[in-house]
Amino acid sequence: MSGTEQTHEGRAPRVLVIGASRGIGLETVRLALASGYRVRGFSRSVGDVALDHPRFEAHAGDALEGRDLRAALAGVDAVVQSLGVRAGPRMVLRRTYLFSEATDELVRAMGGTGVRRLITVTGYGAGASYAHLKCHERLPFRAALGRVYDDKSRQEAVIERSSLDWTIVRPGILLNGSTIGPYRVLDNPADWRLGCLNRAEVADFLVAQLKDTRFLRRAVTLCR
């Protein structure tokens, strides 16, 4: 398998993937399993995931419920959080607090259970990266994603105020391809830019962070 480090019990680390039923979360589950980790997939619809693997455990729950999160965190070594909302008119027109409220619950739950490593996907345009959008990018961004990304910015603030060992990951425009090619990790704000990459490439970076400490308590941008 891969070079996963063993826990003190001599078993592969267990990763909790929040948002495991689709998109980046599902890709992360697959790659983490392929890399030798034990994976607990968490979402309300995770039972629908057609995945039969001896190291995969489906854990249905609500990311806004602290009780569900605390139960899912039992015996976990690290957390990958990849929340999403379905595209459509409601995403454009309605204010959302899903990302910030779910993250607030998660940070509290992690603090209470002693789990420290958190790797969270937000997106390019959240937090400090919004200032790096070019002028011609800002108008369509605000029109299509403004309300969602306002909350992703609040989400990042919750994480940055925490005492956890966090990494914030801001991918650009997401593509559906499953190939993993060369992509860039930009951690210097002067280099941040909007770009495209596959969801599988984002997942590849997330899994790498489970044993990579270079980006602890830092936010990075991913693009090709």
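The values are calculated or read from the model by the stated rules, or taken from the named source; none is laboratory data. Computed from a predicted model, the values in this text were never measured in an experiment. Methodologically, a virtual Cβ is constructed for each residue, glycine included, from the backbone with ideal geometry; neighbour enumeration extends over all protein chains shown.
One table, with the values for the structure above:
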| item | result |
| --- | --- |
| In segment 172-190, the residues that are farther than 14 Å from ARG218 by Cα and either under 17 Å from the mean Cα position of the chain (by Cα) or touching a residue at least 24 places away in the same chain (Cβ under 8 Å) (or both) | GLY172, ILE173, LEU174, LEU175, ASN176, SER178, ILE180, GLY181, PRO182, TYR183, ARG184 |
| Tally, over segment 98-146, of residues that are within 17 Å of GLY172 (Cα to Cα) and basic (Lys, Arg) | 3 |
| Tabulated pairs, segment 42-59, first touching a residue at least 12 places away in the same chain (Cβ under 8 Å), second assigned to a loop (DSSP other than H, G, I, E, B) and among the β-branched types (Val, Ile, Thr), C-beta under 9 angstrom, 6+ apart or interchain | SER43/VAL49; PHE56/VAL49; ALA58/VAL49 |
| Qualifying residues in segment 67-88 (those that are small (Gly, Ala, Ser) and either out of contact with any strand residue (DSSP E or B) (no Cβ under 7 Å at 6 or more places or on another chain) or under 19 Å from SER35 (Cβ atoms) (or both)) - the one modelled with the lowest pLDDT | GLY88 |
| Residue that is of a type in the set (S, T, N, Q), at negative phi, in a strand (DSSP E or B) and out of contact with any Cys (no Cβ under 8 Å at 6 or more places or on another chain), where the choices are THR120, THR28 | THR120 |
| Some residue of segment 185-204 being β-branched (Val, Ile, Thr) and crowded, with 23+ Cβ neighbours inside 10 Å | yes |
| Members of segment 32-66 that are over 30 Å from TYR97 (Cβ atoms), aliphatic (A, V, I, L, M) and at pLDDT 95 or above | LEU33, ALA34 |
| Answer from SER162, SER153 - the residue that is among the hydroxyl-bearing types (Ser, Thr, Tyr) and closer than 18 Å to LEU216 by Cα | SER162 |
| Meets criteria (out of contact with any Phe, Trp or Tyr (no Cβ under 8 Å at 6 or more places or on another chain), surrounded by 15 or more Cβ atoms within 10 Å (Cβ to Cβ) and not in a helix (DSSP H, G or I)) for GLU57 | yes |
| Residue satisfying all of: in segment 104-121; touching a strand residue (DSSP E or B) at 6+ places or on another chain (Cβ under 7 Å) and within 11 Å of SER162 (Cβ to Cβ); surrounded by the most Cβ atoms within 10 Å (Cβ to Cβ) among these | LEU106 |
| Qualifying residue in segment 122-131 (condition: touching a Gly at 6+ places or on another chain (Cβ under 7 Å) and crowded, with 23+ Cβ neighbours inside 10 Å) | yes |
| Subset of segment 180-206 [touching a strand residue (DSSP E or B) at 6+ places or on another chain (Cβ under 8 Å) and aliphatic (A, V, I, L, M)] | ILE180, VAL185, LEU186, LEU194, LEU197, VAL202, LEU206 |
